[in-house]
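Here the structure comes first, spelled out in structure tokens, and everything after it is commentary.
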Amino acid sequence: EDIKAVGVELEGGWDRRPPDEMHRDGSVTVDAPIVGEISSPPIPDFSAVEEWMRANYPHRVNSSCGLHVHVSTNELNYGRLMEPEFAQFFEGRMAEFLSQGLADNRPGFDLLRQRFQGLNRYCQKKFIPEQQLFMTDRYGDVNTHPRYAQLNFCYIRHGTIECRLFPCFPNVDDGVAAVKAFYDTVFDYLGQFKSTKDEPSTLVIPLSELPSPSQ
């Protein structure tokens, strides 16, 4: 399979405690009884991703709330996602998703436009996979830590590529659509390589020689 599993992180506020375990996030500032972040387990089936999101989606969100998507794949395909061609493909697909949301005047897409333009310091418009690949510390200075990009290649920490582009939309339907948009972007990009086994040229070191990712 091109995609092994999907994980979702939701930031926001809840009127009552969601089914899954959550934790505090100092960057989230929502006026709600329960504030923080909740993370799904790795989910292999996208229909189950949607089910999890609908069961755990925040009741209240604002501009401080992000929606992060993790995708895991095999080592060869992971290397392919590190190439500049994927960054271009990703940008084009996300521009389409943004344009449709703005045309329909859907809530939250104004925030997505700011994030897409690189105006949010937590998802900067830069593509630096080789700098992110070996990072083991979870947090750091938002101005210098490599993880604060629209795409974060957190292989050592999680074995995934993380999309940090999306805000947590007020409407769960848009949240689900955003996750599906990134899932489809990865799936469709990797689909073009089904007939070749060539290793990507941009790898600094074969991923098979890296330490196993920690979960």
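Out of the residues in the range 152-192 meeting the condition of being polar (S, T, N, Q) and out of contact with any strand residue (DSSP E or B) (no Cβ under 7 Å at 6 or more places or on another chain), tell me which one is modelled with the lowest pLDDT.
Residues of the range 152-192 that are polar (S, T, N, Q), as a first pass: 152, 160, 171, 185, 192.
Now narrow it down to the ones that are out of contact with any strand residue (DSSP E or B) (no Cβ under 7 Å at 6 or more places or on another chain): 171, 185, 192.
Details: Asn171: 97, Thr185: 98, Gln192: 89.
Top of the filtered list is Gln192.
Take the residues in the range 120-147 that are within 19 Å of Phe182 (Cβ to Cβ) and in a loop (DSSP other than H, G, I, E, B), then tell me which one is least open to solvent (accessible area, probe 1.4 Å).
The residue in question is Cys123.
Out of the residues in the range 99-119 meeting the condition of being in contact with a Phe, Trp or Tyr (Cβ under 9 Å, 6 or more places away or on another chain) and outside any helix (DSSP H, G or I), tell me which one is surrounded by the most Cβ atoms within 10 Å (Cβ to Cβ).
That would be Gly108.
Applying the selection to the range 5-33, what residues are assigned to a loop (DSSP other than H, G, I, E, B) and closer than 30 Å to Asn74 by Cα? Walk me through it before giving the result.
Initial filter on the range 5-33 (assigned to a loop (DSSP other than H, G, I, E, B)): 15-21, 24-33.
Within the range 5-33, Asp20, Glu21 meet the criteria.
Among the residues of the range 35-85, which ones are free of Cβ contacts under 8 Å to residues at least 60 places away in the same chain and either of a type in the set (A, V, I, L, M) or in contact with an Asp or Glu (Cβ under 6 Å, 6 or more places away or on another chain) (or both)?
Selection gives Val35, Gly36, Glu37, Ile38, Ser39, Ile43, Ala48, Ala55, Asn56, His59.
Consider only pairs whose beta carbons are under 8 Å apart and that are at least six residues apart or on different chains; among these, list those whose first residue lies in the range 148-171 and is over 18 Å from Pro84 (Cα atoms) and whose second residue is of a type in the set (Ser, Thr, Tyr) and part of a strand (DSSP E or B).
His158/Ser72; Gly159/Ser72
Within the range 62-89, track down each residue that is open to solvent by 40 Å² or more (accessible area, probe 1.4 Å) and within 19 Å of Asn171 (Cα to Cα).
The first filter runs over the range 62-89 and keeps only residues open to solvent by 40 Å² or more (accessible area, probe 1.4 Å), leaving 62-63, 74-76, 84-85, 88-89.
Within the range 62-89, Asn62, Ser63 meet the criteria.
Tell me which of these Gly36 doesn't satisfy, since it passes every other one: (1) of a type outside the set (Val, Ile, Thr); (2) surrounded by 15 or more Cβ atoms within 10 Å (Cβ to Cβ); (3) part of a loop (DSSP other than H, G, I, E, B).
Every listed condition holds for Gly36 apart from (3).
If you check Glu96 against the conditions, is it modelled with pLDDT of 95 or more and either surrounded by fewer than 20 Cβ atoms within 10 Å (Cβ to Cβ) or within 27 Å of Gln117 (Cα to Cα) (or both)? Steps first, answer last, please.
Values: modelled with pLDDT of 95 or more: yes; either surrounded by fewer than 20 Cβ atoms within 10 Å (Cβ to Cβ) or within 27 Å of Gln117 (Cα to Cα) (or both): yes.
So Glu96 passes the test.
The values are calculated or read from the model by the stated rules, or taken from the named source; none is laboratory data. The model shown is predicted, which means the values in this text are computed figures rather than measured ones. Every residue, glycine as well, gets a Cβ built from its backbone with ideal geometry; the counts of neighbours run over all protein chains shown. Ligands, DNA and RNA are stripped out before the accessible areas are found, and what is left, the full protein with its side chains, is counted by its heavy atoms. Shrake-Rupley method; radii C 1.70, N 1.55, O 1.52, S 1.80 Å.
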